[in-house]
Amino acid sequence: MIKPERHINILLLSHNSSDSKSVDITAALLQCGISEKLLLDFWKGKIVNLEDKLAACSHKLVQDSLKTNTDLEVHITYSWQQNFKANAVTTVHHHYQPLVGCGVRDIDWLRKNDYSNFCIDKNFLHRINILHKNSGLNPLFLTHELSYILTTGANWAKPIGKFTLTIKRKSDELVSLCWDKSLRKINNTQFRAVKTNFIPKHDLNILFTK
């Protein structure tokens, strides 16, 4: 069994100009005593007062970045080294539970930002408005966002023989993703798509909210 190495990178994305720019502030944050565990908790949506810790960080890179109109992103990747024997067939089995990111959004944010990866449409926004009709003109709501890289499957020697996607949501959640008509509702909380000889054309991004 291989235990992968985890890499956490923190990016500040500036939107002051026509071209969005990102600045990696990971090393600067670590120098200010902001641990990887705290950053991971923030990414998972646990209650972490990260904004105050950022404001207290005296590192010039962090302070200069905070003066601009920025969004904070946490990127988490895993890697490992592996040797394969020459002239031999190696069978690899892997399974894992994906990390799910979290954020607090509002309707205006969804309308103004590019959420095309989740194929959010007017009907989805209308249903959010209905759910939060008593929360004011611009309600806040919690999102959970999951991404899974599928396009590497297009590089295989053959298509994926049988592919099954099952999505389960809570009874009070809304879910949005980009998929085709093969995705069908099988009960009140689950959706499923089955494909044969599948060649992925895009990665999987799913948005849950309530």
Worksheet item: Mind checking which residues of region 139-171 are closer than 20 Å to residue 119 by Cβ and among the β-branched types (Val, Ile, Thr)?
Response: 143, 149, 151, 166, 167
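Being at pLDDT 85 or above, surrounded by fewer than 16 Cβ atoms within 10 Å (Cβ to Cβ) and over 30 Å from residue 97 (Cβ atoms) narrows it down to one of 63, 31, so name that one.
On the way: 63 fails: at pLDDT 85 or above.
Selected residue: 31, the only one of 63, 31 that is at pLDDT 85 or above, surrounded by fewer than 16 Cβ atoms within 10 Å (Cβ to Cβ) and over 30 Å from residue 97 (Cβ atoms).
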Discussion item. Conditions first: (1) farther than 12 Å from residue 209 by Cα; (2) at pLDDT below 80; (3) within 16 Å of the chain's Cα centre (by Cα); (4) surrounded by 15 or more Cβ atoms within 10 Å (Cβ to Cβ). Residue 139 passes all but one, so which condition is the exception?
Written reply: (3)
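Name every residue in region 174-191 that is aromatic (Phe, Trp, Tyr) and farther than 16 Å from residue 124 by Cα, in order of residue number. Step through it out loud before you land on a result.
Quick first cut of region 174-191, residues aromatic (Phe, Trp, Tyr) only: 179, 191.
Listed by number, the list holds a single entry, 191.
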Worksheet item: Only one of (1) assigned to a strand (DSSP E or B); (2) over 22 Å from the mean Cα position of the chain (by Cα) fails for residue 175. Which number is that?
Response: (2)
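The values are calculated or read from the model by the stated rules, or taken from the named source; none is laboratory data. Computed from a predicted structure; not experimentally measured. Here Cβ is always computed from backbone atoms with ideal geometry, including for glycine, and neighbour counts include all displayed protein chains.
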